[in-house]
Every structure is written in C-alpha cells, then in structure tokens.
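Here the structure is laid out as structure tokens; the discussion comes afterwards.
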Amino acid sequence: MRDDPRSHGLWELSAPPAPPTQPLEGRIAVDVAIVGGGFTGLSAALHLAEGRTSVAILEGVEIGFGGSGRNVGLVNAGMWVMPDDLPGELGDRYGSALLDLLGAAPAAVFDLVERHGIACEPERRGTLHCAVGKKGLAELQERARQWQARGAPVRLLDAEETAAKVGTRAYAGALLDARAGTIQPLAYARGLAGAAIKAGARIHTGSPVVAVIDAGTHWRLDTPHGRVEAAQVIVATNAYTSAVWPEIRTELVHLPYFNMATAPLSDNLRRSILPERQGAWDTREVLSSFRFDQAGRLVFGSVGALRGTGLPIHRGWGRRALARLFPQLAGVSFETEWYGEIGMTVNNLPRFHRLGRNVVSFSGYNGRGIAPGTVFGRCLAQLVAGAIGEDALPLPVTDPVAAPRRRLKEAFYEAGAQLAHLTDARF
C-alpha cells in the first residue's frame, strides 16, 4: 500500500483482492457514519447493515490499512491484563462483562468467517503462550489458574509437552488456549468489507475525514471531495487516528511491532515446527511471536520498527533468533517484512468514549485487535441501533485522558527494542 512493501508485507501479497470501493464524491445521508475501515469499523458496519440500518464507512486510505492489516494474526481471548485484575480495574460489573465478552470473542470471529465464507486462512487450533524461564512459567501458572477458575478451556503444558508442540526446548512451559487460533488479518478485514457491502453498507476508501460539524440534528463529516450527513457517528480509528477526534491518539502510546516471513518451508521443516499449527508468542518483555501461514511460511515477529537504524538491527536479530530457536532453519532467509503501531493505554485496557453528541468509540486494544475489535464493533452497532443501552456495554464511559510523557515513551519503546535486539545473546 502506498508503494511501501514494509506496510503490509506478506499479508498484502497473499490476501484475496479487496472489494471494489471508490472515494466519496458528493453528498450522501445515512443513519450512521463510521470513521475507519479496520476490524471495529467493518464489524460495526456489517452488523448495522444486517439490521437494515443505513451506514457508510469513511476510510482514509484502504481497507485494513492500519493495525488491522499489519498484525501477527493471532485471534486471542482476553487481554494482556490478568483475568482477576479486571474487576479491580473496572469494578465487578464491568470486569466480569469484559471477561465474558472477550473470552468468547475468538468464537465470534470464526463464526463470522464461516457464516460469510471469508477466505482468510482460519486455523482454530489454539494458541501457545510460551514461558521463558522460571519467571515466565510462574506467570503462566497463575494465568492458567485464573482462567480455569472461570471455566475457560486452557491448559498449562510442561517443558516436554511444549517442546513437542513448538519444536524447540527453549521454553519452560506454555499455556495452550483452545479458544484461540490464527487468521490472515488483512484477508479477514477485506472479507468483512465484502460481507458488509453485500449487506448494504457503503464503504468509501481514499476518503479521509478532514472536518466534522455538529449541525444539531445531524453530523456533517467532510472529506476532500464529499460530505456525509449522519444522525450518529462511530469513530473506529484507534492507533491510526489522525485529523479528527485527535484526543484518541493522544491517549494511546504507540508500540511498534514488526513481522518477517520466510519463503514456504519444505514439508520436513514444517513438521518439525508448530506441527499442530498453533500461533505462539513468549513471555519476554520484548516479546517474540511466530506462526505459519497457509502456504507454510513461518511468520516471526517482535517489538520494533523497521526504519532507520532499527532496520538492520531487527533484521539481524531475526536471523539469529530464528536459528537459535529452530537450528534446522539456520540459513533460511526472510522473504517479506513489515511493521505497524499498537495503541497502548496506561493500564493496558481498552476504552469506551462518547466524543460528542451521538458520537461513540472503542479504542486501546493493546495488541489484541482482531477478536476485541470484532466484538466491540458489534457492541457499537447494537448501541447506535438502539438494540442495547449503554449499561449493557462491557466498559464504562470515560473521557479521553492524554497519556503522560507519551512521546518520550514512544521513543523509549523504539530505541529500547533496538538495544534489546542488538545485545540479546540468547534469542
């Protein structure tokens, strides 16, 4: 996209074509306008259109241009925060509601994929959270205990079981979550867009919103060549928020994350790594993730931005780390590379905002965009359509609060990831 091979890498090369869309020209009127064509906005549009609400998405670039089309593709349940900590952060009511919603969120994703025939390489075989050392294992033991107390189908694997499922003895154990899986994220976004259009939604790409005006009876959203008038607005821009409602962006600290993918591996090599095709990531602070795509490419990623001095540092680390984890891949090169930005909140939990009269937003997915974005989009559709009230949402309404020392933290994350990968002698 935008002639940048590092924006979406493998996902753009392997995804089915996006449904045909055009920039907005002229004036249209709909019940609901959605700003942003990622998982949240597309899910909201699909559910609204299926309920016969007229809806239009205004996307500044292309479908899935932001984090939705750049991530690893892990469809995980829950958030980074430990399950028992959510009631303490949000209160019992919201904490329990959010746990229930996000625990079932992967099932909602795979249901949409099946129901709409979305070609996005779905693998519903669980994910593996891999423990690095005793500290990592203790973290996963506690996480397993908390999820199992809620009846979740998670299981803690010992080092031998982990080695058999991952293909390396680098980890002290792993948490297998049977609710989860993997997809091709850009293909999923494009599939949601196609389903939404088929249901009656309008999607205008290349249509950044440059101005918004509350006209009293409706909102006016201006693009370079058009205008949408709508009674209600959903803002679904998250970490890629730019011109309008910038307070969302200032609440989020950008954490860069990159992925690199090999060429398709031989059958022998594939059988020696993640033989059951779970997606995996580890407990390091500067974490690593890895998974296969449908063609047998190993997608390997970590924290960092592939730009400036970070480009050679992260490339070099990727080659070393891959060979240390899986010695049989020594000498295997990466065919594609890409990176994006994760929107982090101060407590690693998402936010629900009312940004104006009849303007609502979920944001702050903290690296868990696929499943939460899908179900939060559904929640927003139900809210603006009047099917549920605000009291049925899984989060309280809050005002956006600028993250303290945001720019300093962003610089620290990018430089810190470079330092960690430059000096990491293990993997």
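Structure summary
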| read-out | value |
| --- | --- |
| Residue tally, condition touching a helix residue (DSSP H, G or I) at 6+ places or on another chain (Cβ under 6 Å) and either open to solvent by 50 Å² or more (accessible area, probe 1.4 Å) or of a type in the set (Ser, Thr, Tyr) (or both), over segment 17-46 | 2 |
| Single match in PHE300, PHE292 (criterion: aromatic (Phe, Trp, Tyr), out of contact with any Lys or Arg (no Cβ under 8 Å at 6 or more places or on another chain) and open to solvent by less than 50 Å² (accessible area, probe 1.4 Å)) | PHE300 |
| All positions within segment 47-72 that are open to solvent by 30 Å² or more (accessible area, probe 1.4 Å) and at positive phi | ARG52 |
| Which numbered condition PRO275 misses (of (1) out of contact with any strand residue (DSSP E or B) (no Cβ under 7 Å at 6 or more places or on another chain); (2) in a loop (DSSP other than H, G, I, E, B); (3) over 22 Å from GLU160 (Cβ atoms)) | (3) |
| Of all residues making up segment 340-382, the number that are open to solvent by 40 Å² or more (accessible area, probe 1.4 Å) and within 24 Å of GLY181 (Cβ to Cβ) | 3 |
| Residue check for ALA49: in contact with a strand residue (DSSP E or B) (Cβ under 7 Å, 6 or more places away or on another chain), small (Gly, Ala, Ser) and either assigned to a loop (DSSP other than H, G, I, E, B) or under 24 Å from TYR240 (Cα atoms) (or both) | no |
| Flag if GLY181 is under 23 Å from the mean Cα position of the chain (by Cα) and within 26 Å of ARG324 (Cα to Cα) | yes |
| Members of segment 1-16 found to be open to solvent by 20 Å² or more (accessible area, probe 1.4 Å) and of a type in the set (Ser, Thr, Tyr), listed by number | SER14 |
| Neighbours by Cβ (under 7 Å, 6+ apart or cross-chain): first from segment 61-75, free of Cβ contacts under 8 Å to residues at least 24 places away in the same chain; second in a loop (DSSP other than H, G, I, E, B) and surrounded by fewer than 24 Cβ atoms within 10 Å (Cβ to Cβ) | none |
| Boolean, ARG351 is on the phi > 0 side of the Ramachandran plot and modelled with pLDDT of 95 or more | no |
| Residue match in segment 78-89 (condition: modelled with pLDDT of 95 or more and of a type in the set (Val, Ile, Thr)) | no |
| Criterion violated by ALA196 - all others in (1) in a helix (DSSP H, G or I); (2) open to solvent by 10 Å² or more (accessible area, probe 1.4 Å) satisfied | (2) |
| Hey, ASP84 free of Cβ contacts under 8 Å to residues at least 12 places away in the same chain, open to solvent by 50 Å² or more (accessible area, probe 1.4 Å), within 18 Å of PRO394 (Cβ to Cβ) and out of contact with any His (no Cβ under 8 Å at 6 or more places or on another chain) or not | no |
| Entirely in segment 219-265, the strands (runs of 3 or more DSSP E) that have 1 or more residues that are in contact (Cβ under 8 Å) with a residue 24 or more places away in the chain, touching a helix residue (DSSP H, G or I) at 6+ places or on another chain (Cβ under 8 Å) and surrounded by 24 or more Cβ atoms within 10 Å (Cβ to Cβ) | 226-235, 253-262 |
| Criterion: in a helix (DSSP H, G or I) and more than 20 Å from TRP338 (Cβ to Cβ) - qualifying residue of GLY41, GLY9 | GLY41 |
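Yes or no, residue by residue, for (1) closer than 19 Å to ALA97 by Cβ; (2) out of contact with any helix residue (DSSP H, G or I) (no Cβ under 8 Å at 6 or more places or on another chain):
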{"position": "ALA330", "(1), (2)": "no, no"}
{"position": "ILE342", "(1), (2)": "no, no"}
{"position": "ASN348", "(1), (2)": "yes, yes"}
{"position": "LEU355", "(1), (2)": "no, no"}
{"position": "GLY369", "(1), (2)": "no, no"}
{"position": "THR398", "(1), (2)": "yes, yes"}
{"position": "ALA402", "(1), (2)": "no, no"}
{"position": "ALA411", "(1), (2)": "no, yes"}
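The values are calculated or read from the model by the stated rules, or taken from the named source; none is laboratory data. Given the structure is predicted, the values throughout are model-derived calculations rather than measurements. Virtual Cβ from ideal backbone geometry, glycine too; neighbours counted across all protein chains shown. Ligands, DNA and RNA are stripped out before the accessible areas are found, and what is left, the full protein with its side chains, is counted by its heavy atoms. Shrake-Rupley method; radii C 1.70, N 1.55, O 1.52, S 1.80 Å.
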